[in-house]
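The structure appears right after this line, and notes come after that.
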Amino acid sequence: MVKSGLLDKYREAREDMVRLLGDRGISDERVLSAMLKVERHLFVPIPLRSHAYDDAALPIGEGQTISQPFTVAIMTEALRVKDDDKILEIGTGSGYQAAVLAVLGARVFTIERIPSLLKTARQALDGMNVRYVSKSSDGTIGWKEFAPFDGIVVTAGGPEIPKTLVEQLKVGGRLIVPVGSHDFQQLKVVTKKSESNDYTVEDKSDFKFVPLIGRDGWPETDG
Ligand code: SAM
């Protein structure tokens, strides 16, 4: 996960990134410490490694991106992960968000719709000593076999709150999901209140995510 001394030539850049996240308002020390541990450069294409600790989204192929560190931090903070929590991630992408969740102590279940991205993400995640389960599929229908989850994070933007994902939360569990148009989405924190799937919604900041494509997302032609 983290190499010591000379081998970790990105350590200083990672410390600067985490300091910036703190300056931008991320206050959960556990989240900051997890992001200090996970080597983001191992999740970006080799030619882009010198930019791995910029607070920016970067291309990872197939028209997709590794999310901006600030976005990862705000979503992870909103999940309020506790040790051993079962967390479902929709949109594995590079695997970076999954790595941060695993380092926080979560049992991570992650779904990516593009098989080639999942293959690369698995290589990066397998290089770390973390526990996760993954599959390539439409994540908008969740992962019933492992439900209910303590938390679900959707890392692509959809037109509405995916109801199946609310159903797959535990009561008290939180779904973090960007919802809006193609051009921008508002990050929503959905808290499930009862077994009959009542929920409350708290709105966070506006973001621009890649589209959530699937049954409860945008149609395939939008991808
Ligand atoms: N969490 C990722 C990371 O740390 O790199 C961010 C990846 S990117 C912003 C969002 C990902 O969601 C893309 O890889 C995209 O292919 C994927 N995606 C979009 N719709 C999906 C769906 N219905 N099910 C699973 N993955 C989906």
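The table below lists the values:
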quantity	calculated
Restraint check, LYS86/LYS204; LYS119/LYS188; LYS82/LYS192; LYS135/LYS193; LYS119/LYS170, Cα-Cα greater than 26 Å	LYS119/LYS188; LYS135/LYS193; LYS119/LYS170
Reciprocal mean inverse distance between Cα atoms of segment 46-121 - Kirkwood radius, Å	13.0
Theoretical gain in end-to-end length, ASP183 to GLU15 [0.36 nm per residue, Cα-Cα removed]	57.3 nm
Neighbour-count order for GLU112, GLU62, GLU220, fewest beta carbons within 10 angstrom listed first	GLU220, GLU62, GLU112
Distance between modelled label sites at ASP8 and SER137, nm, 7 Å Cα→Cβ extension	3.6
Difference of contour (0.36 nm per residue) and Cα-Cα distance, HIS51 to LYS119	22.2 nm
Cβ-placed point charges (K, R +1; D, E -1), dipole of the chain about Cα centre in debye, nearest 20	540
Hull volume in cubic angstrom per residue (convex hull over the Cα atoms of segment 11-222)	109
Nearby aspartates and glutamates by direct alpha-carbon distance to LYS37 (threshold 17 angstrom, same-chain neighbours under 8 apart not counted)	ASP8, GLU12, GLU15, ASP16, ASP28, GLU29, ASP54, ASP55, GLU77, ASP83, ASP126
Footprinting exposure proxy for VAL166, VAL81 (fewest neighbouring C-beta atoms within 10 Å first)	VAL166, VAL81
Beta bridges by DSSP in the chain, antiparallel share as percent, to the nearest 5	45
Stretchable slack from GLU202 to ILE161, in nm (0.36 nm times residue separation minus alpha-carbon distance)	13.5 nm
Over the chain: helical MRE at 222 nm, DSSP H runs n ≥ 4 each giving -39500 (n - 2.57), nearest 500	-7500 deg cm²/dmol
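Throughout, read-outs are computed from the coordinates displayed, never taken from laboratory work. Bear in mind that the values here come from a model prediction, so they are computed numbers and not experimental data. Cβ atoms come from the backbone with ideal geometry, glycine included; neighbour counts cover every protein chain shown.
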